[in-house]
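Below is one structure, written out as structure tokens; comments come after it.
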Amino acid sequence: MRILVTGGAGYIGSHTTLSLLEAGHEVVVVDNLANSSSESLVRVGHLTGKNVDLRIVDLLDSAAVDELLGAGAFDAVMHFAGLKAVGESVQKPLMYYHNNVVGTINLLRSMDKHDVRTLVFSSSATVYGDNDRVPLTEGCELNASNPYGRTKEHIEDILTDLGSADSRWSIALLRYFNPAGAHESGLIGEDPLGTPNNLLPFVAQVAAGRHEYVKVFGNDYPTTDGTGVRDYVHVVDLALGHLAALSYLEGVQGTFSWNLGTGSGSSVLEVLDAFSAAVGKEVPYEFSPRRSGDSAVSYADPSQAMADLGWSAKRSLARMCEDHWRWQRSNPMGYSSDPASQHRGPQ
Ligand code: NAD
Ligand code: UFG
């Protein structure tokens, strides 16, 4: 199939682009590089032996998006493009609603106009909000608790309405739990701008000596060791979930949601242990107060994805830490470790 991947230069999008190319699909990436480097796709090119076609376009530029969809002859779109920093979304809600919701509407209008009605959308477990009814099933109430999460919830609503209004649409809402790890080559991985907010990239930077220690946010949660529990899922497993969803959509119409998680939770201290084992020395940490807005426990019931898509996460927490560390160790400053590289696709 010929697939348009929005946000394909980013963390999850670049791993999925790699998996799509490996599976024999044709891929065009559209990204404004707001939170990514074209170097990720140069490296996907090295890994696959295929030059990745990157178009540097902002989804807010509706004319440019329309031109791309009009000329592309795409069979489907995978839509990763979006801003994702929870804290920033609280400070700048308009920027988040504009970028994520308006960008998506621009994309959908052009898809509809040019008869491309198969879409795989990056949603998030954040749509469940602070819901301690674990494991979380797709039927749980949605109640996002910050502007970023609400952009995901609003987009899910739009896509559900679209699927109900017009039976020609086939739409997957993939609710990722906590993506972690990197491709086993160590060539592509997560390259956060500035200080990372998420646990794994921060732990990796502490292990690399870029920060002194990890602050463990809270040790008084009602969990086995008092620290927060999350469902960490390997980014390559996530990428494969997208391929499975795409195959499923070939035979059906409507809007479908699936949790992509492992089904089991790990505490912050368990992650630190696993990462220390991968590094071969202890990653230093200190307890600090709870981070506002964090829930105690979140993990998926991924059985719907298994039943419908035949998908389950295969890679362990130990593997996520080993792969994440290989990427961090080989690219201490992320993609900017290789500043001479430019993207190679046509614009
Ligand atoms: P990322 O920031 O690495 O990738 C997103 C990409 O979208 C970036 O390359 C960015 O430059 C691009 N982008 C943003 N706005 C754009 C616009 N207006 N036009 C064109 N490109 C634009 O993030 P990621 O971790 O790869 O996440 C991918 C998707 O998955 C996002 O939608 C995110 O909200 C969602 N998600 C991520 C996580 C996570 O923890 N990483 C969890 C759940 C859901
Ligand atoms: N944590 C620390 N120290 C840190 C960072 C995190 O102790 O420096 C803890 C948090 O308190 C939490 C756990 O590690 O218990 C995981 O935190 P993350 O920030 O990595 O992930 P969250 O579960 O808070 O949120 C992430 C994304 C959301 C997304 C959600 C579900 O940031 O956007 O996963 O996919 F919605």
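Rule-based calculations on the coordinates, nothing more; no lab input. Predicted model only: the values in this text are computed from it and were never measured. Glycine also receives a Cβ, built like all others from the backbone with ideal geometry; neighbour counts cover every protein chain displayed.
Structure above, values below:
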{"read-out": "Where labels lie 7 Å past Cα in the beta-carbon direction, separation of L47 and E286 in nm", "value": "3.7 nm"}
{"read-out": "Calculated SAXS-style log₁₀ I(q)/I(0) at q = 0.06, 0.10, 0.13 Å⁻¹ - the chain, Debye, Cα scatterers", "value": "-0.20, -0.56, -0.99"}
{"read-out": "Loop GluC sites (Glu not before Pro), the range 83-191 (other Cβ atoms within 10 Å of the site Cβ: 12 or fewer; DSSP)", "value": "E141"}
{"read-out": "Net lengthening on full extension, K314/L33 (0.36 nm per residue, minus Cα-Cα)", "value": "98.1 nm"}
{"read-out": "Helix 11-22 axis, angle to the chain major axis (alpha carbon atoms, nearest 10°)", "value": "60 degrees"}
{"read-out": "Gain on full stretching of the segment that runs from N146 to H211 - 0.36 nm per residue minus C-alpha separation", "value": "20.6 nm"}
{"read-out": "Semi-axes of the equivalent ellipsoid for the range 85-213, Cα gyration tensor, largest first, Å", "value": "30, 18, 16"}
{"read-out": "Stretchable slack from R329 to D220, in nm (0.36 nm times residue separation minus alpha-carbon distance)", "value": "36.0 nm"}
{"read-out": "Unit charges at the beta carbon, dipole of the range 2-337: most positive-side option, V44, S14, N331", "value": "N331"}
{"read-out": "Karplus-derived HN-Hα couplings along the range 295-308 (A = 6.51, B = -1.76, C = 1.60, θ = phi - 60°), whole Hz, x at Gly and Pro", "value": "9, 6, 9, 8, 8, 8, 9, x, 5, 5, 5, 5, 5, 8"}
